[in-house]
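A quick write-up on the structure given underneath.
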Amino acid sequence: MGVIAAERIKLTSTRSPWWCSVIVVALAVGFAALFGFIGRIAADDPQASGAPALTVDTAFLGITGFGVMVLAIMATLTVTSEYRFGIIRTTFQAVPNRTLVIGAKAGLVGIYAAVLTTVLAFAAYAVAKAVAGDAGSTLLLDGNWRALYAIPVLAFLNVVLAIAVGVLVRQSAAAISLIVLWQLIIEPLVGALGKVGREIGAFLPFQNASRFATMDDSMTSANWHWGAWGSLAYFIIFVAVVAGIAVLVLNRRDA
């Protein structure tokens with residue numbers, strides 16, 4: 001409990017978690033309002049074409065597409081900042097069990113991310129529904145609950161993965177670049193390689209995470225060999241492997 005209390009103080013007494021949380025709130029509510037507004041315009045103008053349909057996938061895009069990534073960056077900074085300023089040495093002197101320290105950090109930040117994204121998911125749904133007006137009739141949770149509860153699950157897993165990457169890399173810029181470029185450039189670039197890319201895409205971790213959170217399978221481009229729950233299991237295994245390697249390196253390498 002002392003380790004958890006220490007990590008809680010670190011999390012709440014620094015500026016980056018607060019700023020990141022504000023950004024996530026703005027992304028979640030802002031994108032929901034934007035797509036709700038687009039849906040209302042499209043409904044009022046029957047000749048409008050090309051506008052994205054207002055669904056749970058588009059209503060939650062601010063969280064799933066960008067918000068979770070910001071939370072992952074925040075989680076990475078909770079580790080790399082300690083290495084940068086040498087605080088991690090003091091922490092390990094006070095608590096020699098390094099696995100306990102990193103586990104408490106991952107659990108605390110992960111739970112925070114899960115709770116925050118759960119609240120924002122309901123807020124995004126309400127905002128999109130209110131802004132869309134009559135066009136919000138297409139925005140339904142019945143039969144689409146996976147899109148909602150997938151958000152906190154993936155937020156927690158992404159935080160654990162980000163902390164593991166921070167432990168392995170130790171440098172803030174390098175860790176953040178790896179997390180962002182992997183999701184926004186590397187995996188989409190592989191998916192653009194035609195048939196070969198679609199085959200490889202089924203084994204890319206963030207493609208599987210995105211598939212679990214997406215109700216419309218047409219939004220994914222991979223040739224899947226398993227269902228949505230299989231994609232979640234695949235991503236969990238990937239996170240567990242990276243986290244296991246991080247713990248192994250953490251206990252063998254000097255702080």
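A short reminder: the numbers here are calculations on the coordinates, not readings from a lab. This is a predicted model, so every value here is computed, not measured. Reconstructed Cβ throughout: ideal geometry from the backbone, glycine too, with neighbour counts over all protein chains shown.
Projecting the Cα atoms of Gly39, Ile185, Leu61 onto the charge dipole of the chain, computed from C-beta unit charges around the Cα centre, puts Ile185 farthest toward the positive end. Applied to segment 65-74, the Karplus parametrisation 6.51 cos²θ - 1.76 cosθ + 1.60 on θ = phi - 60° returns per-residue 3J(HN,Hα) values of x, 10, x, 4, 5, 5, 5, 5, 4, 4 Hz, with x for Gly and Pro. Using Cβ point charges alone (K and R +1, D and E -1), the dipole size of segment 154-252 about the Cα centre works out to roughly 280 debye. Under the simplified labelling scheme, the Ala173-Asn144 pair shows an inter-label distance of 4.2 nm, with each label point 7 Å from Cα along Cα→Cβ.
Compared with the dominant principal axis of the Cα atoms in the chain, helix 228-252 is inclined by about 20°.
With unit charges on the beta carbon (Lys/Arg positive, Asp/Glu negative), name the residue among Gly197, Trp19, Leu77 whose Cα is farthest towards the positive pole of the charge dipole of the chain. Toward the positive end, the furthest listed residue is Leu77. Compared with the dominant Cα axis of the chain, that is its longest principal axis, helix 172-181 is turned about 30°. Distance between the modelled labels on Thr99 and Ile186, one decimal in nanometres: 2.7 nm (7 Å Cα→Cβ projection).
Would you list Thr76, Thr214 from fewest to most Cβ contacts within 10 Å?
On the way: Thr76 27, Thr214 22.
The fewest-first ordering by Cβ neighbours comes to Thr214, Thr76.
Computed over the alpha-carbon pairs of the chain, the distance histogram in 5 Å steps reads 1, 6, 13, 16, 17, 15, 13, 9, 5, 3, 1, 1, 0, 0 percent, short to long. Full extension of the chain between Arg84 and Asp254 yields a length gain of 59.8 nm, computed as 0.36 nm times the residue separation minus the alpha carbon distance.
The fewest-to-most ranking of Lys195, Lys105, Lys10 by surrounding Cβ atoms within 10 Å reads Lys195, Lys10, Lys105. Extension gain for Ser16 to Asp134 (0.36 nm times residue separation, less C-alpha to C-alpha distance): 38.6 nm.
Could you list Met215, Met69, Met74 so that the one with the fewest beta carbons within 10 Å of its beta carbon is first and the one with the most is last?
Details: Met215 16, Met69 21, Met74 24.
By the 10 Å Cβ count, ascending: Met215, Met69, Met74.
In order along segment 34-39, the phi-based Karplus estimate (6.51 cos²θ - 1.76 cosθ + 1.60, θ = phi - 60°) of 3J(HN,Hα) comes to 4, 6, x, 5, 4, x Hz; Gly and Pro are listed as x.
Explain nothing, just the number: dipole magnitude of the chain about its Cα centre with +1 on each Lys and Arg Cβ and -1 on each Asp and Glu Cβ, in debye rounded to the nearest 20.
Roughly 1060 debye, rounded to the nearest 20.
Relative to the longest principal axis of the Cα atoms of the chain, the long axis of helix 98-132 lies at roughly 20 degrees. Summarising the label geometry, the points placed 7 Å from Cα in the beta-carbon direction at Ile111 and Ile41 lie 4.3 nm from one another.
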